[in-house]
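The values are calculated or read from the model by the stated rules, or taken from the named source; none is laboratory data. Since we're looking at a predicted model, the values are computed, not measured. With ideal geometry, Cβ positions are generated from the backbone for all residues, glycine too; neighbour counts draw on all protein chains shown.
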Amino acid sequence: MIFIEALRSGWQAILANRLRSILTTLGIMIGVAAVIILVAFGQGASNSVTSSIQSLGSNLLYVTPENPNRDGEIVNPSVQELTVDDAIALNDPVRAPDIAGAAPERRTAVTCTSEDRSHSTQIVGTWPSFFSINNSPVSAGAYFSNADELSARRITVIGSTVAESLFPESDPLGRQIACNGVPFTVVGVQAEKGGAFANPDDVVIAPLSAVENSITGYGEVSAISVQASSSETTDDAEEQAIAILDERHGTTEGTRDFEVFNQASLLDTANTALGIFTALLGAVGAISLLVGGIGITNIMLVSVTERTREIGIRKAIGASRRFILLQFLLEATVLSLFGATAGLGLALLVAQIEIAGISPSVVPVSVVGAYVISVAIGLFFGSYPAKRAASLRPIEALRHE
Amino acid sequence: MTAVVEMHDITKVYGQGEAEVRAVDGISLTVEPGEYVAIMGASGSGKSTVMNIIGALDVATSGTYKIDGVDIGDLDDDALSLVRNRRIGFIFQAFNLIPRMSAASNVELPLMYRGVRRSERRRRALDALAKVGLADRSHHQPNELSGGQQQRVAVARALAMDPSLMLADEPTGNLDSRSTADVLDLLDEIHSEGKTIVIITHEDDVAERAGRVVTLRDGKVESDVLAAAR
């Protein structure tokens, strides 16, 4: 009862000073919008990095050769490169139960041409298991098979960037391309992966034997991609891979001539970093919300001073302290709630815009949080002016001009 | 019957030591129900202070004061608000209507603080406005009304509360002679219906309307005369 009456009185005061109410609301609106938008951008950036890491395969381990050195001094002069045999050893289900598959990769830069176009890219000679290990489905055509690998057939699955570059207006399936002059038949096009780092779609994938035969020659491989049986077992799979390779290379931790790169731990690191980034953005928004709150205190104090006489009249004809307190608190709270609602509207509008390739993603918690905080701001920043109004003595207030 | 106003040896002291001012110095005053009392005095005679104490806007330094038999000497701020709300209808020199609120809303306000339901208080507000002859102005805001009309709205606000005491502080001080007559006629009418009225004034012709004139001087009662004796 008293609540509704006080709300009505507060509302009348807000309407009576429309321009001032709007300006006060503006401060809160900008603050709330800033919090929601900045957090949404942080979340959007986080989503984009996470999805590009996941598109590489979330349970992927990547083994690359690494010269062991300490302060520039080579510790192990008899460095062995990674070989196809290493990849075969990693495919041992007894010694490496948590490894689902391992495929050697032999990468080299090539220039590929179609009938009338040319495109500089990278060729990857690998095994057919590469596609499942790297989470790389084809969007058209087929993969190559073990039989193709055994017979070193010159066929290829091309990335979507290569497909667009060499065959912009026609279907690449069944067509011939020449990479460094060696002809390959396109049998498949890899589904677009996208990504924030190197473009994983700018690649030509062919059977390892065919690439070795015709382009690179035999020898060491550039990397071995290893798939753990699940994302929970990536750490176990990493240990097993290290143990097998250490034994084959005769190395220990200090002299290790390879490096195992764990996708899951990268994801963790990236998420932690982005979480901090998002929190920082939110903090910047919170500062503007604080400024908005101080604006409310300011306006409410002006309002109390301006309405001293009115408060005196109200008290003279029987308003209790509690009523005056409630009226001013509700006035401040209503102002900040309106600001929060307008800010939310603004934030939802701005969140439609994509900036620097990041599409913001509005976090529900930040919306609820912005509302809760703006009510708190109304109560907190309104309480001082409200207390001042409530404790005015009626005779002094009535004398006020 | 319980007296509406019962002041006994009231003093009000401002400041301390050398700067001490005794604005009211031992006033005793009783107003019975249905009386129409004018309190007169030059400025500085203490009549404003007496008015504030009678209206429960201020508390005395010493002495006892009862409204309707209720001692208000040791009531806190909120309890004083309640006393004012239930028992006193104020009519101020400066009208003291709340700006940007319609006449009807202004009249309703004390009833709202009393917790009267919306429809009920709207009805009582319109009745009171009709009584002061402003039924057609109920939607007007104070700045759309003349001074005399504003003061009549203030009278309606006091009436709607159905108070034990109508307390008017120089009610005609800001009005021209015609509006003064209107407002004083209205007070006469209210008095004739049995209301108790205390009016603070320094004008003789205003005081003439009252049945009893109390004159203050230097914070003391100088004279207390019934009209019959004049």
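Restricting to region B:92-137, name every residue that is part of a helix (DSSP H, G or I), touching a residue at least 24 places away in the same chain (Cβ under 8 Å) and more than 14 Å from every other protein chain (Cβ to nearest Cβ). Scanning region B:92-137 gives B:A103, B:R124, B:D127, B:L129, B:K131, B:R137. Among the residues of this structure, B:N143 does not count as one that is part of a helix (DSSP H, G or I), touching a helix residue (DSSP H, G or I) at 6+ places or on another chain (Cβ under 8 Å) and either within 13 Å of chain A (Cβ to nearest Cβ) or modelled with pLDDT of 90 or more (or both).
Filtering region B:72-91 to residues that are modelled with pLDDT of 90 or more and more than 9 Å from chain A (Cβ to nearest Cβ) leaves B:R87, B:I91.
Would you check if B:D188 is over 21 Å from B:A125 (Cα atoms), surrounded by fewer than 24 Cβ atoms within 10 Å (Cβ to Cβ) and of a type outside the set (S, T, Y)? Taking the combined requirement at face value, the residue does not satisfy it. For region B:36-53, the criterion of a residue being outside any strand (DSSP E or B), more than 9 Å from every other protein chain (Cβ to nearest Cβ), within 15 Å of B:A3 (Cα to Cα) and among the β-branched types (V, I, T) is satisfied by no position.
Only one of A:L15, A:L38, A:L26 is part of a helix (DSSP H, G or I), under 42 Å from the mean Cα position of the chain (by Cα), surrounded by fewer than 22 Cβ atoms within 10 Å (Cβ to Cβ) and hydrophobic (A, V, I, L, M, F, W, C). Can you tell me which? Break it down into steps so the answer makes sense when it comes.
On the way: A:L15 fails: under 42 Å from the mean Cα position of the chain (by Cα); A:L38 fails: surrounded by fewer than 22 Cβ atoms within 10 Å (Cβ to Cβ).
Matching residue, one of A:L15, A:L38, A:L26: A:L26.
If you scan region A:288-311, which residues turn out to be surrounded by fewer than 23 Cβ atoms within 10 Å (Cβ to Cβ), within 12 Å of chain B (Cβ to nearest Cβ) and touching a residue at least 40 places away in the same chain (Cβ under 8 Å)? Selection gives A:R307, A:R309.
Any residue in region A:111-128 that is surrounded by fewer than 18 Cβ atoms within 10 Å (Cβ to Cβ) and of a type in the set (A, V, I, L, M, F, W, C)? No, there is no match, as no residue in region A:111-128 is surrounded by fewer than 18 Cβ atoms within 10 Å (Cβ to Cβ) and of a type in the set (A, V, I, L, M, F, W, C). Here B:A60 meets the list (1) in a loop (DSSP other than H, G, I, E, B); (2) surrounded by fewer than 17 Cβ atoms within 10 Å (Cβ to Cβ) almost entirely, failing just condition (2).
Residues in region A:320-340: is at least one within 30 Å of A:H400 (Cβ to Cβ), facing chain B (nearest Cβ under 10 Å) and free of Cβ contacts under 8 Å to residues at least 24 places away in the same chain? Looking through region A:320-340, at least one residue is within 30 Å of A:H400 (Cβ to Cβ), facing chain B (nearest Cβ under 10 Å) and free of Cβ contacts under 8 Å to residues at least 24 places away in the same chain.
What number of residues within region A:350-359 are assigned to a loop (DSSP other than H, G, I, E, B), more than 19 Å from A:A340 (Cα to Cα) and under 16 Å from the mean Cα position of the chain (by Cα)?
To start, the set of residues in region A:350-359 that are assigned to a loop (DSSP other than H, G, I, E, B) comprises A:351-354, A:356-357, A:359.
Narrowing the set further to residues that are more than 19 Å from A:A340 (Cα to Cα) leaves A:353-354, A:356-357, A:359.
Cutting the leftovers down to under 16 Å from the mean Cα position of the chain (by Cα) gives us A:354, A:356-357, A:359.
Residues that pass the stated criteria total 4.
Taking (1) out of contact with any Gly (no Cβ under 6 Å at 6 or more places or on another chain); (2) under 18 Å from B:E32 (Cα atoms); (3) part of a loop (DSSP other than H, G, I, E, B) in turn, B:V221 satisfies each apart from (3).
Report whether or not A:A223 is modelled with pLDDT of 85 or more, away from every other protein chain (no Cβ under 14 Å) and surrounded by fewer than 18 Cβ atoms within 10 Å (Cβ to Cβ). If you could, list the steps in order and put the result at the bottom.
On the way: modelled with pLDDT of 85 or more: yes; away from every other protein chain (no Cβ under 14 Å): yes; surrounded by fewer than 18 Cβ atoms within 10 Å (Cβ to Cβ): no.
When the stated conditions are applied, A:A223 does not pass them.
For region A:142-153, the condition holds for no residue, the condition being that it is over 26 Å from A:S225 (Cα atoms) and either in the same structural domain as A:Y218 (by TED's automatic domain parsing) or more than 32 Å from the chain's Cα centre (by Cα) (or both). Going through (1) hydrophobic (A, V, I, L, M, F, W, C); (2) modelled with pLDDT under 85; (3) farther than 30 Å from A:A13 by Cβ one by one, A:L301 falls short only on (3). The set of residues in region B:54-71 being over 18 Å from B:G219 (Cα atoms), more than 14 Å from chain A (Cβ to nearest Cβ) and not small (G, A, S) consists of B:K66, B:D68, B:V70, B:D71.
How about region A:117-143: which of its residues are modelled with pLDDT under 85 and outside any helix (DSSP H, G or I)? A:N134, A:N135, A:S136, A:P137, A:V138, A:S139, A:A140, A:G141, A:A142, listed by residue number.
Of A:S21, A:S9, all but one fail to be more than 16 Å from B:I98 (Cα to Cα) and of a type in the set (G, A, S); the exception is A:S21.
Here's the yes/no breakdown for (1) without any contact (Cβ under 8 Å) to a residue 60 or more places away in the chain; (2) more than 30 Å from A:Q12 (Cα to Cα):
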| position | (1), (2) |
| --- | --- |
| B:H139 | yes, no |
| B:R152 | yes, no |
| B:A156 | yes, no |
| B:P163 | no, no |
| B:M166 | no, no |
| B:G173 | no, yes |
| B:I197 | no, yes |
| B:V214 | no, yes |
| B:L226 | yes, yes |
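Scanning region A:357-391 for residues that are surrounded by fewer than 20 Cβ atoms within 10 Å (Cβ to Cβ) and either basic (K, R) or within 14 Å of chain B (Cβ to nearest Cβ) (or both) yields a count of 3.
Of the helices (runs of 4 or more DSSP H) lying entirely inside region A:152-271, those containing at least 3 residues that are farther than 23 Å from A:A89 by Cβ are A:160-166.
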